[in-house]
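The next block holds one structure in the form of structure tokens; read it before the comments.
What follows is calculated from the coordinates using simple rules that are stated; it is not laboratory data. Here the structure is a predicted model, which is why all the values come from computation and not from measurement. Neighbour counts run over all protein chains shown; Cβ positions are idealised from the backbone, glycine included.
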Amino acid sequence: MNDFTEAFPESLELTDNDTVLQIGWDDGHLSRHQINVLRAECPCASCRGHHPSQSLNLQPEQFTDIKLTDLAPVGRYAYNLVFSDAHSTGIYTLKFLRELPNSA
Ligand SMILES: [Zn+2]
């Protein structure tokens, strides 16, 4: 696997009653990520820990009512996702968003 993805998002939208973040990539691929899955997969240090033993091991089932409240580009390589539980430290790289399996 490469450390980067060459594809770039052309569109990002909330679908399915705001429960799914849909990303259309410029190479034609379509990603559909449930918001609660994105929250459980949050890559930030407080969720993941600095070592696997420190991971909170979050599960999507813990976030069934979660919403995405903000999404801001970080340079050209990532997005900062803010959730309705006020968690805002997750920086989701394009590579991560592209390689995360579709959940919706
Ligand atoms: Zn986090």
- Message: Whole angstrom only: what separates the Cα centroid of region 48-104 from the Cα centroid of region 10-34?
- Response: 15
- Task: Please arrange ARG39, ARG32 by counting, for each residue, the other beta carbons lying within 10 Å of its beta carbon, fewest first.
- Result: ARG32, ARG39
- Item | Ranking of HIS87, HIS29 by count of other Cβ atoms within 10 Å, fewest first | HIS29, HIS87
- Query: Taking amide hydrogens as modeled 1.01 Å from N in the peptide plane, which residues meet the under 5 Å criterion relative to THR93, leaving out close sequence neighbours?
  - Reply: TYR79
- Rh (Kirkwood; distinct C-alpha pairs) - region 26-76, Å: 12.8
- Task: Please sort by residue number the trypsin sites (Lys or Arg not before Pro) in region 67-104 whose DSSP state is loop and whose Cβ has at most 10 other Cβ atoms within 10 Å.
- Result: ARG76
- Could you pull the Rg and Dmax for the chain, using just the Cα atoms, both in Å? 13.2, 38
- What is the local net charge at VAL20, summed over the other residues whose Cβ is closer than 10 Å to its Cβ (Lys, Arg +1; Asp, Glu -1)? -2
- Query: Sorting LEU12, LEU38, LEU68 on the 10 Å Cβ count, fewest up front, what's the list?
  - Reply: LEU12, LEU68, LEU38
